[in-house]
Amino acid sequence: VWLFALKCLPAWLGKLCVFRRLHDFAFGRSAFDVMSKDLGFSAEAIGALTYLYGDYGLPPDQAPFGLHAMVETHYGGGAYFPTGGSKSVALTIAATIASRGGRCLVRAPVTEIRDDGVVCRGVFLRCRRGVVSNAGAVNTYRLAGLEPPAFAAPSVALLYVFVGLKGGGEDLGLEAANTWIHDGWRPDEAWANFKSLDDTFPVCFLSCGSTKDDAKNDADTSTLQLLVPVHAAWFAEWKAKKVQHRGQAYEDLKTKLADRLLETYLYPRYPKTRGRVAHCVVASPLTTDFYLAANDGATYGLSHAKDRFDPAVQFGDLHTQVKPGLFLVGQDHLTVGVASALLSGVVTATYVDKLAGALALLDAVAFAAG
């Protein structure tokens, strides 16, 4: 957290305040390296202790120890699910923006970022204090007409399967929980062996969303989702085609993958769901690119490899201020995750306006305490 807090400062000052030895320990070595050499854990024990690595999309032999420590600490007190589902987050934020005189525009993709505003479908929107971009580092630099950031490696691409079921959570035996299903205790080996869609997936994420939602009052239906990593290149032949018009071969591939995930992961875990699937939608990396303006299906934005957290990168291309009047916020600014996104908002607000940032920090502290 201290590294990211320093991003409230000008880049030159933030670099001076970095404790290099602490930084090198936290972000200069992989989680596997620290746990095996410093703590003496076996590879199997490390696999058990790092089962959450899917949250940042890199196996523990590639991800920095400090990143995994933050994720593990985050879940130390349990996890939460927004009442009403993820849409309630967007609705609450939109209402807050509107209450302060702002506006939320949809179906208005940004085509250009200027020094004093943005262009959305040919309409210029002036920004009084500058532009704060949550479009990701690569998109932000491109839209601003700048050279791409030096560190631009994409994160993992994912295949999603969204499932609608006939029957309530209790009837189907669903748990109000997330489940990570791994191919053994050695994620490094599982990823090394994952070279085609015919190979065993290194990991699968299974989440029963409706069962976790206290606001759901329909006892006759349930929803859940499955996620597995894939390589965007495996879907490249359909990249130039329009969404929902990519041809029968593409649809057949998605159906085949959905059936495989249901048979391999869902039915063994929750056998009562067999024969109760009413609806199934598959989203490939191409879907992610279309709806999230991602690059190569990079759900988590930039890769969370060790190089990303080097001070030269953190206080260079990924610093809060890209250039005068243009500021970065979101998962490329700090790290992936809801908590990180909230912290990024506070950091950027503090950088842009010290008073606004201080008030945002006080609000966050008061919320956490209450």
By residue number, the members of the range 311-324 that are surrounded by 18 or more Cβ atoms within 10 Å (Cβ to Cβ) and either under 28 Å from Ser86 (Cα atoms) or in contact with a strand residue (DSSP E or B) (Cβ under 8 Å, 6 or more places away or on another chain) (or both) are Leu318, His319, Thr320, Val322
Could you tell me whether the range 336-343 includes any residue that is touching a residue at least 12 places away in the same chain (Cβ under 8 Å), of a type in the set (Val, Ile, Thr) and touching a Leu at 6+ places or on another chain (Cβ under 8 Å)? no
Any residue that is part of a loop (DSSP other than H, G, I, E, B), modelled with pLDDT under 95 and touching a strand residue (DSSP E or B) at 6+ places or on another chain (Cβ under 6 Å) - is there at least one of those in the range 344-365? no
Members of the range 293-310 found to be assigned to a loop (DSSP other than H, G, I, E, B), open to solvent by 10 Å² or more (accessible area, probe 1.4 Å) and more than 21 Å from Ala283 (Cβ to Cβ), listed by number: Ala305, Asp310
Quick check: is even one residue across the range 63-71 without any contact (Cβ under 8 Å) to a residue 60 or more places away in the chain, at positive phi and open to solvent by 20 Å² or more (accessible area, probe 1.4 Å)? no
Tell me whether the range 339-353 contains one or more residues that are over 19 Å from the mean Cα position of the chain (by Cα), crowded, with 21+ Cβ neighbours inside 10 Å and of a type in the set (A, V, I, L, M). yes
Regarding the range 317-330, can at least one residue be identified that is of a type outside the set (Gly, Ala, Ser), at pLDDT below 90, assigned to a loop (DSSP other than H, G, I, E, B) and farther than 17 Å from Leu13 by Cα? no
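The values are calculated or read from the model by the stated rules, or taken from the named source; none is laboratory data. Quick caveat, the model's predicted, so the values are computed rather than measured. As a convention, Cβ positions derive from the backbone with ideal geometry for all residues, glycine included, and neighbour counts pool all protein chains shown. Just the protein is used for accessible areas: all its heavy atoms, side chains included, with ligands, DNA and RNA removed. Shrake-Rupley method; radii C 1.70, N 1.55, O 1.52, S 1.80 Å.
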